[in-house]
Amino acid sequence: MITQEVSSPKVQVNRVGLTRSDYRGLPSTLCQGCGHNAIANQIISAMFELDVVPEKVVKFSGIGCSSKSPTYFLNRSFGFNGLHGRMPSLALGALFADTSLKGIGVSGDGDTASIGMGQFKHLVRRNLPMVYIVENNGVYGLTKGQFSATAEKGLTLKRQGTNPYMPVDICLEALVANATFVARSFAGDPKQVKEILKAAFSHRGIAVIDIISPCVTFHNQENSLHSYAWGKDHEMPLHDITFVPPREEIYIEDFEPGTVREVQLHDGSTIMLKKLDHDYDPTDLFAALRVLEEAKQNNWLITGIIYVNPDAPTMFDAYNLPEEPLNRLSQDRLRPPQDTLEQLNRVFGV
């Protein structure tokens, strides 16, 4: 008998010794073709390419189809599935207690733009260091397709009638709440989604990413702003995005001649933005507001990094926190000494 030895394909390992499989989650139970699955796949790719240790990441979500997504990536990371619209306060408490962790929150247009709007705005204004992803499909898919707050005015859906209300713009709400990183992407553009995720994860502050994620079951009409067909026909990228980690030499491959804007983040990594049709500066807040209004007036799906401020202080900078995480401190270190309390009582007459 002649046996032939078959060599198995070499499995790629990143700098922390992990394969891409180490970043996967459980099999998805969402509808086949759902944009949320595409986003989960790009989170897996981004974390693998960034050499992230999964145990140093904590995942958060609220309620809705989008809030099931954390189950489908980073199976080795700890996660919290909270109440509807209450993911921000859950994330704030956990990340404030352990500042050594990096947070990824996955929400939806209902979870953020309706019941969770207040919590979203307060989390953004505090500039909590975390990635906040809104998987935006314009409907309540988990409850069979009612209009969400981001559905466009005049949209008609089966059994729902016609939407009479103006939509909430997630990116605009983030900007006016002083977010330090705001981006929009489209689940049908996986390369851009991945590069934005990598830049957001390296940003020191709140990174809000509004991702148009079509619901193939309840909201995928060709004339709908949240459909695959409309997104592909109307997407207008502000720039080509390349994320360069701090340890790598900056090298832009396959870029045509043109203007390149470099934005350096606090850890030394760099976002390379190649100008396309727009002469656009993503560090200019007023330009960001203007481009969103222009997109609304012209019925464009503007995608890319809309605004970034890499130098803004975070919530952690506002407090005199020890290097050791608060949840690792013993009780005697958390409570002031008795003589200090007595002194304060004397000073304030308590």
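The values are calculated or read from the model by the stated rules, or taken from the named source; none is laboratory data. Everything numeric here is computed off the predicted structure, so don't read it as measured data. All Cβ positions, even for glycine, are placed from backbone atoms using ideal geometry, and neighbour counts span all protein chains on display. To get the accessible areas, we keep the full protein, side chains included, count just its heavy atoms, and leave off ligands, DNA and RNA. Shrake-Rupley method; radii C 1.70, N 1.55, O 1.52, S 1.80 Å.
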Among the residues that make up segment 60-69, is at least one of them assigned to a helix (DSSP H, G or I), more than 18 Å from residue 206 (Cα to Cα), polar (S, T, N, Q) and at pLDDT 95 or above? no
Taking residue 159 and the conditions (1) at pLDDT 85 or above; (2) assigned to a loop (DSSP other than H, G, I, E, B); (3) open to solvent by 40 Å² or more (accessible area, probe 1.4 Å), which numbered condition does it fall short on, given that it satisfies the others? (1)
Exactly one of (1) out of contact with any helix residue (DSSP H, G or I) (no Cβ under 9 Å at 6 or more places or on another chain); (2) at pLDDT 80 or above; (3) of a type outside the set (D, E, K, R); (4) at positive phi is unmet by residue 165. Its number? (4)
Regarding residue 80, is this residue surrounded by fewer than 18 Cβ atoms within 10 Å (Cβ to Cβ), aromatic (Phe, Trp, Tyr) and either at negative phi or not in a helix (DSSP H, G or I) (or both)? yes
Residue pairs within 7 Å by beta carbon, gap of at least six or interchain, first lying in segment 296-319 and in contact (Cβ under 8 Å) with a residue 24 or more places away in the chain and over 20 Å from residue 281 (Cβ atoms), second open to solvent by 20 Å² or more (accessible area, probe 1.4 Å) and of a type in the set (Lys, Arg), listed first then second, are 314/204; 315/126
Quick check: is even one residue across segment 217-237 modelled with pLDDT of 80 or more and under 16 Å from the mean Cα position of the chain (by Cα)? no
Can you go through 112, 99, 143 and tell me which one is closer than 21 Å to residue 68 by Cα and touching a residue at least 40 places away in the same chain (Cβ under 8 Å)? 112
Checking residue 208 against (1) part of a helix (DSSP H, G or I); (2) modelled with pLDDT of 90 or more; (3) open to solvent by less than 10 Å² (accessible area, probe 1.4 Å); (4) not hydroxyl-bearing (Ser, Thr, Tyr), the condition it does not meet: (1)
